[in-house]
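The values are calculated or read from the model by the stated rules, or taken from the named source; none is laboratory data. Remember, predicted model here, so these are calculated numbers, not experimental data. A quick note on method: Cβ atoms are made from the backbone with ideal geometry, for glycine too, and the neighbour counts reach across all protein chains shown.
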Amino acid sequence: MEAVLAGCFLDELPERLIGDKAYDSDALDAQMREYGIQMISPNRSNRRRKTQDGRALRRYRRRWKVERLFAWLQNFRRLTTRWEYHIQNFLGFVHLACLKILLRYL
């Protein structure tokens, strides 16, 4: 997780991270608390002490919207196979694809 946060392109760290059941561990929760990040992930079925309440898991249920967007972006072959050398060109095509997706559903 430290490598992911170190490679983050945001100016500041997020307040919350949402992960699946694989991210449910006490060590990871403690590490994210050091960074000031709330880790939201559903508890594993074999976990004895529950760490998530229902309020935070409401955010987890909405994560399908982000996953659906990534699935829609996979329909654009130019984004699936990154042919652009410069990141600005690639980001421009990502914006173009998002705009096309948005206009399709308006």
- Query: Which pairs have Cβ atoms under 6 Å, sit 6 or more apart or on different chains, and link a residue in the range 64-93 that is within 19 Å of residue 104 (Cα to Cα) and not assigned by TED's automatic domain parsing to the domain that holds residue 20 to one that is at pLDDT 85 or above and among the β-branched types (Val, Ile, Thr)?
  - Reply: 72/101
- Item | Hits in the range 5-20 - residues which are farther than 14 Å from residue 34 by Cα and among the charged types (D, E, K, R) | 11, 12, 20
- Item | Single unsatisfied condition, residue 13 versus (1) at pLDDT 75 or above; (2) surrounded by fewer than 11 Cβ atoms within 10 Å (Cβ to Cβ); (3) assigned by TED's automatic domain parsing to the domain that holds residue 1; (4) part of a loop (DSSP other than H, G, I, E, B) | (2)
